[in-house]
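Chemist: My structure is below; once you've seen it, I'll send some questions.
The values are calculated or read from the model by the stated rules, or taken from the named source; none is laboratory data. Keep in mind that what you see is a predicted model, and the values were worked out from it rather than measured. Here the Cβ positions follow ideal geometry from the backbone for every residue, glycine too, while neighbour counts run over all protein chains shown.
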Amino acid sequence: MQMRRAGLFILIILSAAFAANVEPLDLQLVVPAAAVVVGIFLAIVSMLSKTISDPKLEAWTKSELREFAAGLILVTAVTAFVISSSGISAAMTGSTDPIGTATQKVDTWLNRYDVAYLNVIEAAGKIRTSATYAPSLNVPVWFISFSYTTNPLSGVAILMNTLNIAAQALTNAIFLSEAIRLMLVFCKAVMPKVILPLAFVLRLIPFTRRSGNTLIAVGVAGAVILPFAVILTDELNGTITMPEAQISDMSKLDANPWAMVASEPLCETIPVRLLLGLTDPGFSAFICMFAGPFFAICFEIVMNIVYPLINEIFQIIMTILIIIWEASLNEAKYGADVYDQLEPFMASVNNLVLLGYLDIILVATITIVGARSLSAALGGEAYMAGIQRLI
């Protein structure tokens, strides 16, 4: 029950402090002040116990004085350990900032996920373009018309399912890694100046000693154990060959419909599209606007002969191009090319995501088990409700 009250008190204090538009909260100077107040309180109680000759109160006072001295030693030892973590980090990584180094390690993980994610997006765009390339052309001839529709590469759309699975897996790995990164940033800002000083104060106060021990374990876990767990995990990753989740030749995913490429300049030219989209009266009026007195004759000729002829020629040329392209297309070869590129890429994505999950599990296990073990060793809560459920 004391742990719950202390936790609620901490949440209220932190939320109120961070909601204010002031400098970041720093409780480091509170620790010596609290030590002085508790020392004076115990001294007064000791004098009172001797004055009224109360053996129980005197025994309690002596016990609390020993605990107070032990608390001061513990506070000094924990502070020295947290400060010395910079030296340990410098010896291991060459940087005196363990949390900053761990954040850089997580950034490298995220960079690998980002590269794989971009490859998934690009591959999905190319495959979807090829699978949905289904031109439908209508060639009017007098009172009748001929239509031609084709979609020869629609079968490769089934490969989109695997890319969707890869995108979901990478999204989960990215979210988990971003969570670890945010926790590192949070711990760097909060643990040394807020959580640990508050934990020291609770440890020195006789009535909140157990909650203080638990909070010290949480603070040390966030400030020291978590970043070193990330650094250790990244070093373990270096013992194996990291999977490179990249498609070796992205151009193999292009269907290369040269019929579409041939008509692309015409379709993408805005003036041509605008003129042909004016319909026959608008197109005729635009063409004949400089004809002067011959406007009426020009308008009739363009509207009834030129404009329909342009549309007819355009439709016939496009239909011929599409038919020739489809006849020369090897659907099986394109499908094999796509598979040859996606199969090793998907295997690399699977290995990368699996390694990411193992990294998160390892970091969480080391941090939480370290916090629980340290809390039990200091005399705090060993179960640590809420955190226990994470492992």
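Chemist: Taking only segment 80-129 into account, find how many residues are under 29 Å from residue 354 (Cα atoms) and hydrophobic (A, V, I, L, M, F, W, C).
Modeler: 14
Chemist: While we're looking at this one, here's another question. How many residues are surrounded by fewer than 13 Cβ atoms within 10 Å (Cβ to Cβ), of a type in the set (A, V, I, L, M, F, W, C) and over 28 Å from the mean Cα position of the chain (by Cα) when one looks only at segment 114-146?
Modeler: Within segment 114-146, residues that are surrounded by fewer than 13 Cβ atoms within 10 Å (Cβ to Cβ), of a type in the set (A, V, I, L, M, F, W, C) and over 28 Å from the mean Cα position of the chain (by Cα) number 6.
Yes or no, residue by residue, for (1) touching a Leu at 6+ places or on another chain (Cβ under 6 Å); (2) under 26 Å from residue 186 (Cα atoms):
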| site | (1), (2) |
| --- | --- |
| 72 | no, no |
| 87 | no, yes |
| 102 | yes, yes |
| 115 | no, no |
| 121 | no, no |
| 140 | no, no |
| 167 | no, no |
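Chemist: Does residue 313 satisfy being touching a helix residue (DSSP H, G or I) at 6+ places or on another chain (Cβ under 6 Å) and either among the hydrophobic types (A, V, I, L, M, F, W, C) or without any contact (Cβ under 8 Å) to a residue 60 or more places away in the chain (or both)?
Modeler: no
Chemist: From the list 378, 355, 362, 374, which residue is under 30 Å from residue 77 (Cβ atoms) and modelled with pLDDT of 90 or more?
Modeler: 362
Chemist: So, one more: Looking at (1) touching a residue at least 24 places away in the same chain (Cβ under 8 Å); (2) surrounded by fewer than 16 Cβ atoms within 10 Å (Cβ to Cβ); (3) over 26 Å from the mean Cα position of the chain (by Cα), which is the one condition that is false for residue 357?
Modeler: Unmet condition: (3).
Chemist: Now for a different question. Which members of segment 320-352 meet the condition of being at pLDDT below 80, part of a helix (DSSP H, G or I) and polar (S, T, N, Q)?
Modeler: Correct list: 328 only.
Chemist: Given the residues 53, 89, which is the only one that is exposed (fewer than 11 other Cβ atoms within 10 Å of the Cβ), more than 25 Å from residue 202 (Cβ to Cβ) and out of contact with any strand residue (DSSP E or B) (no Cβ under 7 Å at 6 or more places or on another chain)?
Modeler: Answer to the selection: 53.
Chemist: Which pairs have Cβ atoms under 7 Å, sit 6 or more apart or on different chains, and link a residue in segment 127-155 that is closer than 21 Å to residue 254 by Cα to one that is of a type in the set (Gly, Ala, Ser) and in a loop (DSSP other than H, G, I, E, B)?
Modeler: 130/255; 133/255; 149/134; 150/134; 151/134; 153/255
Chemist: Would a scan of segment 334-347 turn up a residue that is buried (at least 19 other Cβ atoms within 10 Å of the Cβ), under 30 Å from residue 171 (Cα atoms) and among the acidic types (Asp, Glu)?
Modeler: No.
Chemist: OK, next. Restricting the first residue to segment 338-352 and requiring it to be more than 13 Å from residue 163 (Cβ to Cβ), which pairs with a second residue that is of a type in the set (A, V, I, L, M) and not in a helix (DSSP H, G or I) meet a Cβ separation below 6 Å and a spacing of at least six or different chains?
Modeler: Once the first residue is more than 13 Å from residue 163 (Cβ to Cβ) and sits in segment 338-352, its partners that are of a type in the set (A, V, I, L, M) and not in a helix (DSSP H, G or I) give 348/245; 352/245.
Chemist: Another one. Can you go through 63, 85 and tell me which one is within 29 Å of residue 196 (Cα to Cα), touching a residue at least 24 places away in the same chain (Cβ under 8 Å) and in a helix (DSSP H, G or I)?
Modeler: Step by step, each of 63, 85 is checked, and only 85 is within 29 Å of residue 196 (Cα to Cα), touching a residue at least 24 places away in the same chain (Cβ under 8 Å) and in a helix (DSSP H, G or I).
Chemist: For residues that are outside any loop (DSSP other than H, G, I, E, B) and touching a residue at least 12 places away in the same chain (Cβ under 8 Å), tally how many sit in segment 229-243.
Modeler: 8
Chemist: Among the residues of segment 63-79, are any closer than 30 Å to residue 348 by Cβ and either surrounded by fewer than 17 Cβ atoms within 10 Å (Cβ to Cβ) or not aromatic (Phe, Trp, Tyr) (or both)?
Modeler: Within segment 63-79, none of the residues are closer than 30 Å to residue 348 by Cβ and either surrounded by fewer than 17 Cβ atoms within 10 Å (Cβ to Cβ) or not aromatic (Phe, Trp, Tyr) (or both).
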